[in-house]
Amino acid sequence: MVKSKIARIAAVVSAAALIAGTVAVSTAAMSDNGGIGATTKNVVDAANYSGKTPKYIFMFIGDGMSYPQIQATADYYSALADTNENGILEAEKVLNFTKFSVAGSATTYDSTSFCPDSASTATSLATGYKTYSGTINMDETYTVEYETIAEKLKNQLGYKIGIVSTVNLNHATPAAYYAHQASRNSYYEISEELIESGFDYFAGGELKQTTGANGDQTDSYTLAEQAGYKVIKTQAEAEALTAEDGKAIVIAETIADSGSLSYNNDRDRANGEWALSDYVEKGIEVLDNDTGFFMMVEGGKIDWACHANDAGSTIADTVALSSAVGEAIEFYNEHPDETLIIVTGDHETGGLTIGYAGTDYDTFLTNLKNQKISYAKYDSDYVAKYKEENTPFEDVMKDITRLFGLTAPAGTDEYTAQMDSADLHPDSNNTGTLEMTEYEYDKLKKAYETTMTRTGDEEIGQEEYLLYGSYEPLSVTITHILNNKSGINFASYAHTGLPVAVFAEGVGAELFDGYYDNTEIYDFLAELTNVE
């Protein structure tokens, strides 16, 4: 049940004091209606809730998605609509969840930092407890395991459970709904817990370290089949899956970087490659039953794109998450008195901002439409070949123009060659320009040279890390320049401490209004469903 108001206030203050180190707060100074206002209000509301219990619950988590990611996506599509006489999708149609009846905000700090990771924040969302970064559903002593909302709904109410992600199914966020590990990197042990969970439907990226960290363990997929799971690795098999097939683990047929689904801007639409929404649609089909179900859906590559400072891919995968939410909305429209949909993030990634010093108050967001490929696919399909074949910069620039729209400065040999090649010249319908300045061009050439000479064994110094992070210098410099020319900027390659948005629609949605801690999202769900 929901923790008491005083206990919640004490927990929040204690954790904040632990992190800050120098904060001293007297709990006696907090009155019943003071201290942490919105948090107190919502705990009281939840404790007094006497409405219906949702039978069908959708929990969407945009990993790394906070207000900047949502707003950048909305602004981008609004800008496109303004420049497209045919009326491209408006932002409110692209981001359907921003029209939900309830919108709140949640803080995200953990027991380690005000800039938490996915393991600890997903633990808070799934169990209502804080823990250290890197830890999944265990306390700070690594001796106490926390039972998740998904486990409780299955064990206490008999709900069917689905876990869907665009990244590896034993990655931190999906794992936080079924696993209990001191380290998020214990991938084999997490996959064992996935199997032991008995959850009904897993779908997304492939499992990591399926034969253990040293490659000497029984394959995870073999163990899953022995435990009664139907393991599916082709899209044709996934399309044929029905509820009668029983428990299923669906791995995407097309596997992209690090065993994940393709970025939404790389997806092979011509050949029908499934998007996140397709896995959600199939999940609804196999989970639907008279008792109820809970489905957690993660848009995990929003986070990965933000780590790499790739604004174009960030926006594309935010749209992919919204499209997946659309499947839940269709189900809600058929069961409006029994369904709850929640959309939130676990933390913000990258320090994304709308606004860049070099463009003053101007934005040219439609520049981003010139990006045809994610940084990851550019790395795998192009940069790897450049290194192998020692491709000269002039030829690399042709790919950069074709795939990202950036052109060399006027007067350079590369610029002349591009202007003479109509198929390389970008189609830009805005008042900004994709012709690089000499400063930008020099940065790009320096990044190319660094990429071409890197062996992977070098120790990256501070200056180089600030320029490129741990990414390919060429790729991240291309996206940096395109971002900045569009009026977008990133402050970090890591997570930040921003609060995240919480959107809710359906049965019990009113509890998610206000400003509160992320642990209370679990509390509200526990109160709504009466699990203990």
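The values are calculated or read from the model by the stated rules, or taken from the named source; none is laboratory data. Here the structure is a predicted model, which is why all the values come from computation and not from measurement. Cβ coordinates were reconstructed from backbone atoms using ideal geometry, including for glycine residues, and neighbour counts include every protein chain displayed. Accessible surface areas use protein heavy atoms only, side chains included; no ligands, DNA or RNA. Shrake-Rupley method; radii C 1.70, N 1.55, O 1.52, S 1.80 Å.
For the modelled label position 7 Å from the Cα of Tyr439 along Cα-to-Cβ, which residues of the range 479-515 have backbone nitrogen atoms closer than 19 Å? 479-492, by backbone N distance to the label point. Of the solvent-accessible surface of the range 277-326, computed with a 1.4 Å probe and all protein chains present, 40% belongs to carbon and sulfur.
How high is the FRET efficiency between Asn289 and Ala236 when r is their beta carbon distance and R₀ equals 25 Å, given to the nearest 0.05? After rounding to 0.05, the efficiency reads 0.50. Near the amide H of Gly487, within less than 5 Å, lie the amide hydrogens of Phe364, all on another chain or at least 5 residues away, with H placed in the peptide plane.
Using the Karplus relation 6.51 cos²θ - 1.76 cosθ + 1.60 with θ = phi - 60°, the per-residue 3J(HN,Hα) values for the range 295-302 come to 10, 9, 10, 10, x, x, 8, 4 Hz, with x marking Gly and Pro. Residues whose amide H lies under 5 Å from that of Glu273, counting only those 5 or more places away or on a different chain, are Asp268; hydrogens are built 1.01 Å from N in the peptide plane.
Need one number for the range 209-270: average projected area of the convex hull over its C-alpha atoms, nm².
5.4 nm²
When the Cα atoms of the range 235-363 are aligned to their principal axes, the ranges along those axes come out at 58, 35, 24 Å in descending order. Entry note: the range 136-183 has Rg to Rh equal to 1.00, where both radii use alpha-carbon atoms and Rh is the Kirkwood radius. Taking every protein chain into account, the accessible area of the range 126-262 amounts to 37 square angstrom per residue (probe 1.4 Å). Computed with every protein chain present, the accessible area of Cys115 is close to 70 Å² [probe 1.4 Å]. Ranking Ser124, Tyr178, Met138 by Cα position along the charge dipole of the range 91-246, where only Lys, Arg, Asp and Glu carry charges on their C-beta atoms, puts Ser124 farthest toward the positive end. When peptides 312-323, 400-411 are sorted by average Cβ neighbour count within 10 Å, with the highest value leading, the order is 312-323, 400-411. Put simply, the amide H of Ser105, placed in the peptide plane, has neighbours under 5 Å in Val502, Gly514, Tyr515, Tyr516, leaving out anything fewer than 5 places away on its chain.
Using θ = phi - 60° in the Karplus curve 6.51 cos²θ - 1.76 cosθ + 1.60, the 3J(HN,Hα) couplings for the range 439-446 round to 4, 5, 5, 5, 4, 5, 5, 5 Hz; x is entered for Gly and Pro. Here the Karplus relation 6.51 cos²θ - 1.76 cosθ + 1.60, evaluated at θ = phi - 60°, turns the backbone of the range 59-72 into coupling constants of 10, 9, 10, x, 5, x, 9, 10, 4, x, 5, 5, 5, 4 Hz, with x for every Gly and Pro. Kirkwood radius, the range 62-208, all distinct C-alpha pairs, inverse of mean reciprocal distance: 17.0 Å.
Going by average Cβ density within 10 Å per residue, which order do the peptides 482-488, 137-143, 209-215 take, highest to lowest?
Peptide ranking by packing, descending: 482-488, 137-143, 209-215.
So, with a 1.4 angstrom probe, what is the percent of accessible area on the range 179-273 that is carbon and sulfur?
C and S fraction of accessible area: 40 percent.
Using only alpha-carbon positions, what ratio does the radius of gyration of the range 175-320 give when scaled by 2.2 N^0.38 Å? Can you show the working numbers first?
Values: Rg = 15.6 Å, N = 146, 2.2 N^0.38 = 14.6 Å.
The reported ratio for this selection is 1.07.
A protection proxy built from the mean count of other Cβ atoms within 10 Å ranks the segments 170-176, 196-202, most packed first, as 170-176, 196-202.
Here's the picture: charge each Lys and Arg Cβ at +1 and each Asp and Glu Cβ at -1 in the range 243-324, and of Phe294, Val250, Ala316 the one pushed furthest to the positive end of that dipole is Ala316.
Computed in the context of the full set of protein chains, the accessible area of the range 330-390 at 1.4 Å probe radius has 43% of its extent on carbon or sulfur.
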